[in-house]
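Data first, discussion second: the structure below is written as structure tokens.
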RNA sequence: GCCCCGGUAGCUCAGCGGAUAGAGCAGCUGCCUUCUAAGCAGCGGGUCGCAGGUUCGACUCCUGCCCGGGGCGCCA
């Protein structure tokens with residue numbers, strides 16, 4: 001808000017300068033930023049340097065003229081300096097910062113978020129998790145779940161109408177193997193089959209048609225080995241006895257496994273505060289003829305051809321490095337074809353923009369979907385990919401080994417059992433999506449608020465309530481938004497806090513536009529990093545003192561800090577407790 | 001071999017083409033005993049993987065190379 005006002009003033013000065021020079025071209029895209037060094041003022045502007053070549057003048061000379069034309073910018077500015085190669089360093093009047101505090105408190109939970117404008121909000125779909133129901137959610141899914149949900153929250157905060165969607169496939173080979181795995185355990189538990197040896201399980205290439213102790217081994221190649229499979233089998237033994245011995249794996253066994261596992265996944269998601277608006281089943285695309293339609297349209301557009309008994313997507317015609325099979329020679333589509341049909345349906349359903357959140361192992365697929373969609377008449381610029389890298393877990397300075405095949409991976413549920421949903425979410429969102437995430441289990445388990453960054457931020461928030469409780473005990477009321485004299489906040493650490501709070505709207509905008517929620521987490525650490533020491537150093541500035549006016553001003557500051565911390569934590573889906 | 005992502009302090013990581021590259025933890029020094037649980041102040045610590053290029057200006061953009069992770073199926 002301050003920055004925008006300043007930008008308008010500088011633009012006006014710039015325009016005047018250009019007109020005086022007889023230059024009618026557009027204004028340069030100059031930047032206004034908060035300098036790293038405090039001596040460089042509150043904001044610095046690089047406009048003069050950008051114009052040096054165009055006007056054939058020295059940048060410092062242009063900056064000097066800009067400075068004169070800017071004046072005091074209607075009382076907003078306390079001082080402007082020309083510095084370095086031609087920067088315009090602007091120092092704002094202290095009262096400007098103090099006034100801002102009242103506005104922040106008055107805006108309440110809306111501070112930093114898009115205003116209700118009445119204009120139609122863009123409809124955005126965020127698709128994430130989308131794990132097929134073959135097992136519990138792993139840490140990689142967990143990261144994706146938190147990332148997708150935070151992006152959705154940020155988009156909502158910046159004025160979008162968001163749909164959270166989970167795409168899954170309960171048919172296909174994967175699910176047959178799942179059913180067969182459950183049946184194998186079922187037969188084992190009934191004493192009708194032998195359990196495969198550990199060596200055999202470790203090597204999916206090994207033959208399964210072996211026998212042990214006179215019993216056949218029926219465990220499928222690449223079968224699912226987790227304990228949860230045995231548990232599902234055990235419940236079937238208990239409820240159905242031996243009646244399912246002749247049932248095929250892909251019948252009741254698959255159905256039961258899918259039901260139980262999906263319930264488990266939804267339960268896990270609920271635990272970490274994630275709710276989907278739509279669960280979209282790939283199978284419905286078949287049932288509604290969308291697959292047929294898509295292949296026909298691709299064919300009509302000349303983007304598919306037949307070879308080797310299969311149908312290929314002519315991706316090389318769209319600049320990709322190879323073609324891909326969309327219908328196997330068996331007549332069964334590959335994963336790619338329904339994915340294309342699915343994306344087309346997304347836009348038919350009215351979304352203006354579609355965001356796919358996917359793990360790094362999945363991204364190879366994306367260009368094919370995008371190009372096929374483009375051929376089907378969809379603007380590829382409206383399909384967006386947010387890719388994230390994997391998660392490793394560190395404990396005792398060592399990496400915890402994970403293997404999907406042997407089902408020794410750490411599940412989201414186990415982590416949440418250990419550290420709680422809030423810490424889990426905070427740690428999962430702290431890193432930028434396209435970097436590896438090292439989940440430090442020891443630090444996450446540490447209850448010390450000074451060490452654990454999630455608690456550090458939450459505690460900074462709780463402390464504002466602690467102060468309020470203290471104030472109430474002393475019979476002091478919390479001030480209203482404009483009911484205190486912010487001019488009493490003159491200490492450098494107080495002004496610094498206000499300045500930091502003032503940048504919250506920019507942080508939200510940037511995090512939303514870049515689809516990088518970690519900016520919010522970092523920002524919250526910075527706010528807490530100012531607020532916690534401020535309170536700790538109570539000798540120099542107690543919030544509650546004999547001086548009523550000063551107490552009110554500092555309580556106002558506490559309210560603004562609370563506002564921003566609560567709002568930021570909400571954007572991350574992390575709780576903001578009133579006491580800890 | 002090709003494609004994607006990383007490489008920044010001892011460790012984990014921020015860094016929106018700008019000025020003297022930052023935070024937390026760890027280490028060192030001094031002070032202090034809390035509006036909630038060892039805090040506060042300070043110090044040391046860097047060839048921003050390497051080499052070119054673009055630019056008034058590059059950790060940031062481009063090209064090549066090195067290292068690490070992932071992906072390159074008629075799997076999903």
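The values are calculated or read from the model by the stated rules, or taken from the named source; none is laboratory data. Predicted, not measured: the structure shown is a model, and the values here were computed from it. Cβ placement follows ideal geometry from the backbone for every residue including glycine, while neighbour counts extend to all protein chains displayed.
Of all the criteria given as (1) more than 11 Å from RNA strand B (Cβ to nearest atom); (2) more than 19 Å from residue A:483 (Cα to Cα); (3) crowded, with 17+ Cβ neighbours inside 10 Å, the one not satisfied by residue A:556 is (2).
Residue A:374 meets all of the listed conditions (1) surrounded by fewer than 19 Cβ atoms within 10 Å (Cβ to Cβ); (2) assigned to a helix (DSSP H, G or I); (3) within 16 Å of RNA strand B (Cβ to nearest atom) but one, namely (3). For the criterion of being more than 27 Å from residue A:173 (Cβ to Cβ) and at pLDDT below 90, residue A:364 fails. If the condition is being surrounded by 15 or more Cβ atoms within 10 Å (Cβ to Cβ) and within 15 Å of residue A:280 (Cα to Cα), then region A:314-350 contributes A:338, A:339, A:340, A:341, A:342, A:343, A:344, A:345, A:346, A:347. Name the residue that is modelled with the lowest pLDDT, counting only residues in region A:530-541 that are surrounded by fewer than 21 Cβ atoms within 10 Å (Cβ to Cβ) and within 20 Å of residue A:456 (Cα to Cα). The extreme case among them is A:538.
Out of A:415, A:443, I need the residue that is touching a strand residue (DSSP E or B) at 6+ places or on another chain (Cβ under 8 Å) and either near RNA strand B (Cβ under 10 Å from one of its atoms) or part of a helix (DSSP H, G or I) (or both). Which one?
Just a single option satisfies the conditions, and that option is A:415.
In region A:81-133, the residue that is nearest to RNA strand B (Cβ to nearest atom) out of those that are under 30 Å from residue A:167 (Cβ atoms) and assigned to a strand (DSSP E or B) is A:127.
In the set A:485, A:442, A:446, only one residue is more than 24 Å from residue A:387 (Cβ to Cβ) and modelled with pLDDT of 90 or more; that residue is A:485.
Please work out which residue is surrounded by the most Cβ atoms within 10 Å (Cβ to Cβ), limiting yourself to region A:511-520 and to residues that are within 9 Å of RNA strand B (Cβ to nearest atom) and under 24 Å from residue A:462 (Cβ atoms). Top of the filtered list is A:518.
The condition of being crowded, with 22+ Cβ neighbours inside 10 Å, within 30 Å of residue A:398 (Cβ to Cβ) and away from RNA strand B (no atom under 11 Å from the Cβ) holds for only one of A:527, A:508, A:457, that being A:457. Of all residues in region A:289-329, which are touching a strand residue (DSSP E or B) at 6+ places or on another chain (Cβ under 7 Å) and away from RNA strand B (no atom under 15 Å from the Cβ)? Scanning region A:289-329 gives A:298, A:303. Say we look at region A:60-87 and pick out the residues that are within 17 Å of residue A:20 (Cβ to Cβ) and crowded, with 21+ Cβ neighbours inside 10 Å; which of these is modelled with the lowest pLDDT? By that ranking, first place goes to A:70. Out of all the residues in region A:536-550, which are touching a helix residue (DSSP H, G or I) at 6+ places or on another chain (Cβ under 6 Å) and near RNA strand B (Cβ under 6 Å from one of its atoms)? Residues satisfying the conditions are A:543, A:544. Scoring residue A:472 on the criteria (1) touching a residue at least 60 places away in the same chain (Cβ under 8 Å); (2) more than 9 Å from RNA strand B (Cβ to nearest atom) leaves a single failure, condition (1).
Count of region A:36-55 residues, restricted to those that are more than 9 Å from RNA strand B (Cβ to nearest atom) and either under 14 Å from residue A:23 (Cα atoms) or modelled with pLDDT of 85 or more (or both), is 4.
Against the conditions (1) within 8 Å of RNA strand B (Cβ to nearest atom); (2) in a helix (DSSP H, G or I), residue A:426 satisfies every one except (1).
Residue A:409 falls short on exactly one of the conditions (1) free of Cβ contacts under 8 Å to residues at least 40 places away in the same chain; (2) within 15 Å of RNA strand B (Cβ to nearest atom); (3) in a loop (DSSP other than H, G, I, E, B), and that condition is (1). Residue A:350 meets all of the listed conditions (1) within 9 Å of RNA strand B (Cβ to nearest atom); (2) farther than 19 Å from residue A:128 by Cβ; (3) in contact with a strand residue (DSSP E or B) (Cβ under 8 Å, 6 or more places away or on another chain) but one, namely (1).
Each row is one residue, and each column tells you yes or no for (1) surrounded by fewer than 20 Cβ atoms within 10 Å (Cβ to Cβ); (2) free of Cβ contacts under 8 Å to residues at least 12 places away in the same chain; (3) in a loop (DSSP other than H, G, I, E, B).
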{"site": "A:253", "(1), (2), (3)": "no, no, no"}
{"site": "A:257", "(1), (2), (3)": "no, no, no"}
{"site": "A:263", "(1), (2), (3)": "yes, yes, no"}
{"site": "A:270", "(1), (2), (3)": "yes, yes, no"}
{"site": "A:274", "(1), (2), (3)": "no, no, yes"}
{"site": "A:279", "(1), (2), (3)": "yes, no, no"}
{"site": "A:286", "(1), (2), (3)": "yes, no, no"}
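Scanning region A:211-230 for residues that are in a helix (DSSP H, G or I) and surrounded by 13 or more Cβ atoms within 10 Å (Cβ to Cβ) yields A:228, A:229, A:230.
For the condition surrounded by fewer than 21 Cβ atoms within 10 Å (Cβ to Cβ) and outside any loop (DSSP other than H, G, I, E, B), residue A:381 qualifies. Restricting attention to region A:429-440, the residues being in contact with a helix residue (DSSP H, G or I) (Cβ under 7 Å, 6 or more places away or on another chain) and within 10 Å of RNA strand B (Cβ to nearest atom) number 6. What tally of residues in region A:288-320 results from selecting those that are in a loop (DSSP other than H, G, I, E, B) and farther than 30 Å from residue A:147 by Cα? Qualifying residue count for the region: 9.
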